[in-house]
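Have a look at the structure below, then the notes.
The values are calculated or read from the model by the stated rules, or taken from the named source; none is laboratory data. Given the structure is predicted, the values throughout are model-derived calculations rather than measurements. All Cβ positions, even for glycine, are placed from backbone atoms using ideal geometry, and neighbour counts span all protein chains on display. Remember, those area values only see protein heavy atoms, side chains included, never the ligands or the DNA or RNA. Shrake-Rupley method; radii C 1.70, N 1.55, O 1.52, S 1.80 Å.
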Amino acid sequence: MISVDGLTVEFGGSTLFSDISFVINEKDRIALMGKNGAGKSTLLKILAGARPATRGKISAPKESVIAYLPQHLMTEDGRTVFEETALAFSHIHDMEAQIERLNKELETRTDYESDSYMNLIEEVSALSEKFYAIDLTNYEEDVEKALLGLGFEREDFGRPTKDFSGGWRMRIELAKLLLQKPDVLLLDEPTNHLDIESIQWLEDFLINSAKAVIVISHDRKFVDNITTRTIEVTMGRIYDYKVNYSKYLELRKERREQQQKAFEEQQKFIAETKEFIERFKGTYSKTLQVQSRVKMLEKLEILEVDEEDTSALRLKFPPSPRSGNYPVIMENVGKQYGDHVVFKNASLTIERGDKVAFVGRNGEGKSTLVKCIMKEIEHNGTLTLGHNIQIGYFAQNQASMLDENLTVFQTIDDVAKGDIRNKIRDLLGAFMFGGEESTKKVKVLSGGERTRLAMIKLLLEPVNLLILDEPTNHLDMKTKDILKQALADFDGTLIVVSHDRDFLDGLVTKVYEFGNKKVTEHLCGIYEFLEKKKMLSLNELEKK
């Protein structure tokens, strides 16, 4: 359907990728994988027509629609949520206006026998046929379904878009793209601003309703659920696997092992050949053999082993100072702003060593309750923190509290104590601050980079209650694995607000669900909770 042919991208004197070719077929669901900086987002932008390639071409049928959701949006204000989302159908209204204009022209012309009149009739017929083939009767219903599926409430429909945060605007943009029913949907980190329920809705939509999809995502479960093909971008090349992410990891491991073996055999052969040349280069009877081997070495194409993330670092938190038996006790805690009740009558007890998740749709009070625990905001009811509680808190705004004049290395060097000091470089590398990146000043870092740096800083401070609010949004899969392992080994108490099911799986043993203005305790892991929720929602449907 769409073919990529000989694509090359060069900038700043270096080649991002060279001469890559592949075809996107109808109904393909492709995961674009590769480490940060490999060129995944650049490739999506080129496919979307948002930036040019240095060489090569992309061919697509004339009528095909390619829709692109970038990581960072520049949105306009001035419309309501519903009006903005309904712009997905603006091209159809344009088509209707064009048909009306052409019909008016036909009414006023009298040159019935002319070629141009016949061409006009043909144009109106083709356009009308296309227009009436589109079922526009339910377009308002389609807009509603998309917005509700992505977490909006009906009362949000009439609110201006400027009232909403970047994450919610991202959802409006996503709804617009999905409603266009594009031939190819390009998604760059679509789950970063979605809650668990919205991610599940998006999965169902992509699996059952979308045509071709290419997605970049660090949400392993999402990628595994929706994709059937994996294209890896590495060292300027691509490898195309007709399998989902988990299977790709197995095949990639096998490929690397084969490459490593071939590389070692070639290095051994080169060493033996050089030794032969050195030993016999002055021997007359071996002159021809020496010359032939020198030429052979000159022509030899040196094998490469694809880069492997060397970030398989085992992080360990400093030992936790011992806290009381019950770090957090709440009785009838609630929060409201004016008439708006966020939640009420929350009563829960978190014991020392508990690892719990706060989950639920956005806006139901997860971060609000965290702020109550942190004593950042007032609340109703009684909230008691246990004896000797030392809190380590990570929120998205932690990044803004870093000293802008320090370098990345200095920021971490200032807080590192003990053995970890010898591993600062490894630690920075694991969080994608390897090499020259560690010498950058904090002031030049992007929002995502600052978030990662704030996370490392937190990992090095001795605390006994860790509260993490969406800690994985800017981490790649490898880094998330490192963080998850460190949290599993953490000997204190953990509260984590997250929509990342794979990250929570095996990490938490208790789930607090936020919804309908209350907080409900579930004594189980994340997948048991989701199964329970699915059963409940199915029962609700049956009742209806």
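Remarks
- A dipole drawn for the chain from +1 and -1 charges on Cβ atoms has a positive end, and of 102, 31, 143 the residue lying farthest that way is 31.
- Straight-line cross-link partners of residue 443 among the lysines, defined as a Cα under 23 Å from its Cα and at least 8 positions apart when in the same chain: 457.
- Solvent-accessible surface (1.4 angstrom probe) belonging to residue 141, in square angstrom, nearest 10: 90 Å²
- Selection among 259, 271, 292 by position relative to the dipole of the range 254-299 gives 292 as farthest towards the positive end (Cβ unit charges, Cα centre).
- For the chain, a crude dipole built from +1 on the beta carbon of Lys and Arg and -1 on the beta carbon of Asp and Glu, taken about the Cα centre, is about 2280 debye to the nearest 20.
- Cα-Cα pairs of the range 254-299 separated by more than 17 Å (percent): 42 percent
- Paramagnetic reach from residue 409 in the range 441-476 [backbone N under 12 Å; point 7 Å along Cα→Cβ]: 441
- Just the protein heavy atoms count here, and of the accessible area of the range 434-528 at 1.4 Å, carbon and sulfur take up 46 percent.
- The range 385-544, dipole about Cα centre (Lys/Arg Cβ +1, Asp/Glu Cβ -1), debye to the nearest 20: 320 debye
- Distances between placed amide hydrogens fall under 5 Å for residue 497 paired with 358, 468, 469, 470, all partners being 5 or more residues away or on another chain.
- Global form of the chain, assessed from the alpha-carbon gyration tensor, a/c cut-off 1.5: oblate
- Computed lengthening from residue 426 to residue 119, 0.36 nm per intervening residue step minus Cα-Cα distance: 103.6 nm
- When the square roots of the Cα gyration tensor eigenvalues are ordered a ≥ b ≥ c, the ratio a/c for the range 145-295 is 1.5 or more and a/b exceeds b/c, which makes its shape prolate.
- For the chain: accessible area per residue (Å², 1.4 Å): 52 Å²
- Here residue 159 and residue 22 are evaluated by their C-beta separation; at R0 = 56 Å the FRET efficiency comes out at 0.85.
- Sulfur and carbon atoms: percent of accessible area, the range 260-364 [1.4 Å]: 49 percent
- Calculated FRET efficiency, residue 325 to residue 517, Cβ-Cβ distance, R0 = 25 Å: about 0.25 to the nearest 0.05.
- Spatial offset of the range 479-522 relative to the range 107-165 amounts to 44 Å, using the alpha carbon center of each.
- Note on residue 205: accessible area approximately 50 square angstrom, rounded to 10, probe 1.4 Å, nucleic acids and ligands left out.
- Projected label points at residue 3 and residue 132, each 7 Å from Cα along the beta carbon direction, are separated by 3.7 nanometres.
- The residue list 428, 67, 416 was ranked by how far each Cα lies along the charge dipole of the chain toward its positive end, using unit charges on Cβ atoms, and 416 comes out on top.
- Aspartates and glutamates whose Cα lies under 20 Å from that of residue 532, excluding same-chain neighbours fewer than 8 positions away: 195, 197, 203, 204, 364, 500, 502, 505, 513, 521, 540, 542
- Förster radius 30 Å - calculated FRET efficiency between residue 11 and residue 295 (Cβ-Cβ, nearest 0.05): 0.25
- Length-normalised contact order for the range 328-542 - Cα pairs under 8 Å, 6+ apart - percent: 28 percent
- Label positions at residue 349 and residue 209, each projected 7 Å from the Cα along the C-beta direction, are separated by 4.6 nm.
- Computed magnitude of the charge dipole of the range 68-127 (debye, nearest 20; Cβ of K, R +1, Cβ of D, E -1): 160 debye
- Antiparallel DSSP beta bridges within the chain, percent to nearest 5: 50 percent
- Relative contact order (percent, whole number), the chain, Cα cutoff 8 Å, 6+ residue spacing: 15 percent
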